[in-house]
1. Restricting to the stretch 57-71, and then to whatever is hydrophobic (A, V, I, L, M, F, W, C) and not in a loop (DSSP other than H, G, I, E, B), can you tell me which residue is nearest to VAL124 (Cα to Cα)?
2. Given the criterion over 16 Å from LEU3 (Cα atoms), surrounded by 18 or more Cβ atoms within 10 Å (Cβ to Cβ) and at pLDDT 95 or above, identify the matching residue among ALA89, ALA95, ALA100.
3. Looking at ILE70 and the list (1) surrounded by fewer than 22 Cβ atoms within 10 Å (Cβ to Cβ); (2) touching a helix residue (DSSP H, G or I) at 6+ places or on another chain (Cβ under 8 Å); (3) of a type in the set (A, V, I, L, M), which single condition is not satisfied?
4. Filter the stretch 1-34 for residues that are touching a Leu at 6+ places or on another chain (Cβ under 6 Å) and part of a loop (DSSP other than H, G, I, E, B) and give the result.
5. Which one is surrounded by the fewest Cβ atoms within 10 Å (Cβ to Cβ) among residues in the stretch 49-59 that are touching a helix residue (DSSP H, G or I) at 6+ places or on another chain (Cβ under 9 Å) and hydrophobic (A, V, I, L, M, F, W, C)?
6. Can ARG38 be described as closer than 24 Å to ALA7 by Cβ, in contact (Cβ under 8 Å) with a residue 24 or more places away in the chain and loosely packed, with under 14 Cβ neighbours inside 10 Å?
7. For the stretch 35-56, enumerate the residues that are part of a loop (DSSP other than H, G, I, E, B) and either touching a Pro at 6+ places or on another chain (Cβ under 6 Å) or over 24 Å from ILE133 (Cβ atoms) (or both).
8. Could you identify the single residue in VAL90, VAL46 that is touching a residue at least 12 places away in the same chain (Cβ under 8 Å), in contact with a helix residue (DSSP H, G or I) (Cβ under 7 Å, 6 or more places away or on another chain) and more than 22 Å from ALA139 (Cα to Cα)?
Amino acid sequence: MPLTADADIKALLEETRTIALVGISDRPDRPSYGVMKRLQDHGYRVIPVNPQITGEHVHGEFVFRDLSQIGEPIDLVDIFRRSDAAGEAVDQAIAARAKAVWMQLGVVDQKAAARAETAGLKVVMDRCPAIDIPRLGVARVD
């Protein structure tokens, strides 16, 4: 079952340091662009992932094509993809040995969530960390 209790979500956010954000946009009017900045401002290392803007930089970070290119431990994969495309990102997160996947508001894929949980990852669905961090009083990451 995906995490739904505030205490569990807060604990996940407090133990997270590195977030890979799948589906980043380089357009300031897109939600992923603003969420990445808010996460960085809270102290997280955010690594952007989008095959369509590979090699560019967003908020000072190099944009990778997919999770397998990152080459460093990932605590949480934040997924900004449509529900029907979220499963691919979840499978990449499993292969990259991430500790958790977070599907953004409106993103729900029960089968992908089940695969992630079977592989030992924590799962959050249909929520936004940029909303939950201040709501839950998550301490700044250092």
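1. The first filter runs over the stretch 57-71 and keeps only residues hydrophobic (A, V, I, L, M, F, W, C), leaving 58, 62-64, 67, 70.
Narrowing further to those that are not in a loop (DSSP other than H, G, I, E, B): 58, 62, 64, 67.
On the way: VAL58: 24, PHE62: 26, PHE64: 23, LEU67: 18 Å.
Here the answer is LEU67.
2. Working: ALA95 fails: surrounded by 18 or more Cβ atoms within 10 Å (Cβ to Cβ); ALA100 fails: over 16 Å from LEU3 (Cα atoms).
Being over 16 Å from LEU3 (Cα atoms), surrounded by 18 or more Cβ atoms within 10 Å (Cβ to Cβ) and at pLDDT 95 or above holds for just one of ALA89, ALA95, ALA100, which is ALA89.
3. That leaves (2) as the condition not met.
4. The one that is touching a Leu at 6+ places or on another chain (Cβ under 6 Å) and part of a loop (DSSP other than H, G, I, E, B): THR16.
5. Taking the stretch 49-59 as the starting set, the residues that turn out to be touching a helix residue (DSSP H, G or I) at 6+ places or on another chain (Cβ under 9 Å) are 49-50, 54, 58-59.
Still in the list and also hydrophobic (A, V, I, L, M, F, W, C): 49, 58.
On the way: VAL49: 26, VAL58: 22.
The selected residue is VAL58.
6. No, not satisfied.
7. Within the stretch 35-56, the first condition is being part of a loop (DSSP other than H, G, I, E, B), and the residues that meet it are 42-44, 50, 54-56.
Scanning the stretch 35-56 gives THR54, GLY55, GLU56.
8. Numbers: VAL46 fails: more than 22 Å from ALA139 (Cα to Cα).
The unique qualifying residue is VAL90.
The values are calculated or read from the model by the stated rules, or taken from the named source; none is laboratory data. Remember, it's a predicted structure, so these values are computed and weren't measured experimentally. For neighbour counting, all protein chains shown are included, and Cβ atoms are generated from backbone atoms with ideal geometry for every residue, glycine included.
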